[in-house]
Amino acid sequence: MNKVQKILLGAVLVGLALMLCFPIWFGITGAFSSQWELEANLAPVFTVGEKMAAWSFLPQAPTLEHLVQVLMDAPEFFTMFWNSVIITLGILIGQLLLGVPAAWALARLPFPGKGKILSGYIVLMLMPFQVLMYPQYLVLRDFGLLDTLGAVILPAVFSTFPVFLLHRFFLAIPGEILEAARIDGAGELRIFWQIGMPLGSPGIMAVGILSFLDSWNLIEQPMTYLKTKSLWPLSLFLPQIQLEDIGMGFAAALLMLIPALLLFISGQEYLEQGIALSGGKD
Amino acid sequence: MEKEKQRRGGFAKIWIFWVFLLPDLLGALIFALVPMLRVLLGSFQSAVGSRWVGFQNYATVLCNGAFHLALGNTARFTLICIPILLVLSLGLALGLRALPGIGSTLRSAFLMPMAVPAASVVLVWKVLFHKQGLLNGILLSIFGTRIDWMNSDASFWMLVISYLWRNLGYTTVLWTAGLAAIPEGIYEAAKVDGAAGWQVLRYITLPSLKGTGYTIAVLSLLNSFKVFREAWLVAGDYPQQSMYLMQHLYNNWFRELDFDKIAAASVMTSVVVFVLIALLGKAWDKKE
């Protein structure tokens, strides 16, 4: 490829990247725009009329009023933010306590029927929510968990994708290290704790980030299993916001976006490793 | 004596295996596998009174108009989206590879939408895709025409755009990993043989990516089920009919307590997914 071609290609890709990031930028600036500016720009979208909506690349009079309003005068925002936090933390802790050892067993402990169990995990991992929704509903009903946060947390703790992905990370640890430890007389528990966990920690980070993004974004599960509004996570709260509160809507959306974006930026390296490994063959 | 010791050692290892695995495995059995079998059984029974009705639930679902609509839309969505996504992201991965300097920065930008919660962009989507929204503003100034995204069949394309927006970066990273796994030696051999540009792509890169491609196709298929989120957030329970998906149908049946229909439809969906997985497995085996 010559220089001109490279510059052209770069220009096309930069353009595309800007296009993809535009909706994010749009949402962020919305949170800092004043109510009159939002109404002036977006009135055509929310009321009748023939004019077209507009948008300013930067807010003309940047303000923190909506963020303050959400943080000060919207108790329901706090309730739902807190629900999202509990759901996400519950899922992550559960997966760490149960999923990590399971992945270690499937990757590194000897057992004759291991391959079959792993295939079972893969099959379950590939089942979409449409298939699992009604079966899970039955279990949750029997356990009396419907309409509790546990109804969203528990099935997600036992989702098999994190285990599968972690098992791949653990498989990448060189076998010689483990053999050497065994010869030195280390027990399996100690090998897991002192070799597996430290060497597998990038994998645990990657899976943790993927799980976080997924749990923070859950919509179908809370929608189906939670009836009481005060138990809803943020993802179900945001769509209900009306035009009169659109500034608040953007501010709430931004507050929901911040934790996900911070995690994405700080852990991107792990995330890319995780994605890459989920695609490779055995 | 020696044998006895070995046997006991083997037993200890199996024991420790179960200590590690069992808590998680039990959960997966209780929350997924066992209830799935129960649903299989339930699909042959009536919703009220659990009478045995044979294949009647299946017949009801297969003759249901809403089911046809949802199935048709979901199938059309998958068949259109996945090829576009695969080709576009492969192109991107190749493009990024050719630009080693800014490639990784750009990859971050492409990947960013994946981290954005669907609910966080719902307002943006409403403003972009409204009849008098920003996207139409651009279309109007360039082509002098606009599209009623929300209230016409164009709503289907809104779903396609949402899906591509969210998944492009993820899939590009998958392809990039696949590209990185091709041994450098093959390219060098090709260079020695005088192959250049398109020939390398056609005869070396693409054939080497076959296995990766199958995997990516399946992962993309699974992610395609999640586009319901955008559809529901933007348009609610009863959207314009060209974006009425399987998940909408399930939710509506669920509200109306049509559990017999849900059971039959769940079983059919899992069979379809199962067949697709089997095909993937075969593809993997072939590559070995």
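The values are calculated or read from the model by the stated rules, or taken from the named source; none is laboratory data. For clarity, every value in this text was computed on a predicted model and none was experimentally measured. Cβ placement follows ideal geometry from the backbone for every residue including glycine, while neighbour counts extend to all protein chains displayed. Heavy atoms of the whole protein, side chains included, go into the accessibility calculation; ligands, DNA and RNA do not. Shrake-Rupley method; radii C 1.70, N 1.55, O 1.52, S 1.80 Å.
Points worth noting:
- The P(r) of the protein assembly as shown has a tail past 30 Å containing 57 percent of all C-alpha pairs.
- Here r is the Cβ-Cβ distance between A:Arg141 and A:Ser119 and R0 is 30 Å; the resulting FRET efficiency, rounded to 0.05, is 0.55.
- Kirkwood-Stokes translational diffusion coefficient of chain A, alpha-carbon pairs, 25 °C, 0.890 mPa s, µm²/s: 111
- Values of log10 I(q)/I(0) for chain B across q = 0.07, 0.11, 0.13, 0.14 Å⁻¹ run -0.41, -0.90, -1.10, -1.18, by the Debye formula with one identical scatterer at each alpha carbon and no solvent.
- Order of exposure, largest accessible area first, which applies to B:Phe143, A:Phe212, A:Phe81, B:Phe20 with probe 1.4 Å: B:Phe143, A:Phe81, A:Phe212, B:Phe20
- Per residue, the convex hull volume that the Cα atoms of the stretch A:3-63 enclose (Å³): 110
- Listed residues B:Trp165, B:Phe254, B:Pro100: farthest to the positive end of the dipole of the stretch B:56-287 (Cβ charges): B:Pro100
- Proportion of all alpha-carbon pairs of the stretch B:150-288 beyond 19 Å (%): 66
- Averaging 1/r across all pairs of distinct Cα atoms in the stretch A:174-282 and inverting the result yields a Kirkwood radius of 17.5 Å.
- Between B:Leu22 and B:Thr145, the modelled label-to-label distance comes to 6.8 nm, taking each label 7 Å out from Cα in the direction of the beta carbon.
- Measure of compaction for the stretch A:100-216 (Cα Rg per 2.2 N^0.38 Å): 1.25
- Counting lysine pairs in chain B whose alpha carbons fall under 24 angstrom apart, excluding pairs fewer than 8 residues apart on the same chain, gives 8.
- Chains B and A together bury some 8800 Å² of accessible area, summed over both sides, with a 1.4 Å probe.
- When the Cα positions of B:Leu209, B:Ile82, B:Gly72 are compared along the charge dipole of chain B, B:Leu209 comes out farthest toward the positive end, with charges on each C-beta of Lys, Arg, Asp and Glu.
- Normalised contact order of chain A, rounded percent, pairs of Cα under 8 Å and 6 or more residues apart: 28
- The order of A:Trp36, B:Trp253, A:Trp232, B:Trp157 by accessible area, most exposed first and with a 1.4 Å probe, is A:Trp36, B:Trp157, A:Trp232, B:Trp253.
- Under 17 Å from the Cα of A:Lys116 - aspartates and glutamates, other chains or at least 8 residues apart: A:Asp282, B:Asp24, B:Asp285
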